[in-house]
Amino acid sequence: MDTKQMISALVNSRQSIRAFTDQAISQDEIQEILELASRAPSGTNIQPWKVYVVQGNKKVEIQDAVKQAVIEVSENPELKGKYEAAFQYYPKQWFEPYLSRRRANGWGLYNLLDIQKHEKQKMHAHLLRNFEFFGAPVGVFFTAHENLHVSAKMAIAMFMQTFMLVAKAYGFDSCPQAAWNDYHEVILPLVGANPDEQLICGLALGYADPQHIINQYYTPRIAVQDFTVFLS
Ligand SMILES: Cc1cc2nc3c(=O)[nH]c(=O)nc-3n(C[C@H](O)[C@H](O)[C@H](O)COP(=O)(O)O)c2cc1C
C-alpha cells in the first residue's frame, strides 16, 4: 500500500465506537498517541490544549459523579438547566438540513439498539452509557483557557481528529463526546483543573467490542458536490 492508500484506509476506518471491551491500553501507547496528536496545527502555534487522561478509580469517580448529576436532573425536571456547558455548543433551535441529519443519526443508532420512539427509558439508558465512556478503559478530557475563545476550540478539534486517527493506526478506537460538556462543574474539580479552564470535549478510547451491534453503525456523508463550490 502506498501512503495515499494507507491514509484513505485509516480515515475510512475511523468511526465513532460506542461499545468497548475492558482491555487495557499501555501508558506508553497513550503517551505516543498524545505526542503525535500534538503535531496538530494551532493558530500561531499557541498549542492551547490541556489533556486529562482518566483511568482506574479516577475514571469511576468522575463517571459516578456525572451519572448522579444526570439522574438528579432526569428525576427533578425543575433542575433542567442546572448543568450547562461553559459555551454554547449546539443551536438552541435546530433547523434544516441539520435537523434531519441529526435525527437520521439518532434513529440509525436507536434502530440498531431496537429502541422505539416512545421508549424514553431505553433512550435515557443509552444516554447514560456516554457517562461510562461506553465501557472504554480510558477517558480523555480536553480543556483550554477560557479566554482563548474559538482559537482553542478549533485547535482542540484538530488535535482530537489527529488523536483519533493515530489511535486507529495503533489499533484503538474512540468516540468524541461533547456529552460531558454540560457537566464541567462536576468534572473539572475532580481532575484538578484551574478555575480558568473550559471543558471543550471528552473522548472515549479503547478497543471496540466487535460483538456489540451498535458498532455496526457506519455513518453516511453527503456528496462533495453538495457541500463544495468550485470557482475559477
Ligand atoms: C465534537 C464532537 C462531539 C461528539 N459528541 C458525541 C457524544 O457526546 N456522544 C456520542 O455518542 N457521539 C458523539 N459524537 C460522535 C458523532 O455522533 C459522530 O462523529 C457522527 O455521527 C459521525 O459518525 P462517525 O464519527 O462514526 O464518522 C461527537 C462527535 C464530535 C465531532
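In region 95-146, how many are aliphatic (A, V, I, L, M) and part of a helix (DSSP H, G or I)? Can you show your working first?
Residues of region 95-146 aliphatic (A, V, I, L, M): 99, 104, 109, 112-113, 115, 123, 125, 127-128, 136, 138, 140, 144.
With part of a helix (DSSP H, G or I) added as a condition, the list becomes 99, 104, 109, 112, 123, 125, 127-128.
Counting residues in region 95-146 that are aliphatic (A, V, I, L, M) and part of a helix (DSSP H, G or I) gives 8.
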Legend entry - Residue, nearest to Lys59 (Cα to Cα), within region 116-131, restricted to residues that are within 14 Å of the ligand (Cβ to nearest atom) and open to solvent by less than 50 Å² (accessible area, probe 1.4 Å): Phe131
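Each row is one residue, and each column tells you yes or no for (1) surrounded by 19 or more Cβ atoms within 10 Å (Cβ to Cβ); (2) within 20 Å of the chain's Cα centre (by Cα).
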| position | (1), (2) |
| --- | --- |
| Arg18 | yes, yes |
| Gln23 | no, yes |
| Asp28 | no, no |
| Pro41 | no, yes |
| Tyr52 | yes, yes |
| Lys58 | no, yes |
| Ala65 | no, yes |
Legend entry - Condition met for Ala193 (within 29 Å of Glu75 (Cβ to Cβ) and either more than 14 Å from the ligand (Cβ to nearest atom) or open to solvent by 30 Å² or more (accessible area, probe 1.4 Å) (or both)): yes
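Is it the case, given these coordinates, that Ile222 is open to solvent by less than 20 Å² (accessible area, probe 1.4 Å) and among the β-branched types (Val, Ile, Thr)? Lay out the reasoning, then the answer.
Values: open to solvent by less than 20 Å² (accessible area, probe 1.4 Å): no; among the β-branched types (Val, Ile, Thr): yes.
Criteria not met by Ile222.
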Inset, instruction - Name the single residue, out of those in region 75-94 being part of a helix (DSSP H, G or I) and open to solvent by 60 Å² or more (accessible area, probe 1.4 Å), that is nearest to Glu132 (Cα to Cα). - result: Glu75
Legend entry - Residues of region 8-33 satisfying the condition of being free of Cβ contacts under 8 Å to residues at least 60 places away in the same chain and more than 16 Å from the ligand (Cβ to nearest atom): Ser26, Gln27, Asp28, Gln31
Inset, instruction - With the checklist (1) open to solvent by 10 Å² or more (accessible area, probe 1.4 Å); (2) more than 14 Å from the ligand (Cβ to nearest atom); (3) modelled with pLDDT of 95 or more in hand, flag the one item His149 doesn't pass. - result: (3)
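Here is a list: Asp182, Asp209. Which entry is within 12 Å of the ligand (Cβ to nearest atom) and out of contact with any Lys or Arg (no Cβ under 6 Å at 6 or more places or on another chain)?
Being within 12 Å of the ligand (Cβ to nearest atom) and out of contact with any Lys or Arg (no Cβ under 6 Å at 6 or more places or on another chain) holds for just one of Asp182, Asp209, which is Asp182.
The values are calculated or read from the model by the stated rules, or taken from the named source; none is laboratory data. Values in this document were obtained by computation on a predicted structure and should not be read as measured data. Every residue, glycine among them, receives a Cβ derived from its backbone with ideal geometry; neighbour counts consider all protein chains shown. We work out accessible area using only protein heavy atoms, side chains counted, and drop any ligands, DNA or RNA first. Shrake-Rupley method; radii C 1.70, N 1.55, O 1.52, S 1.80 Å.
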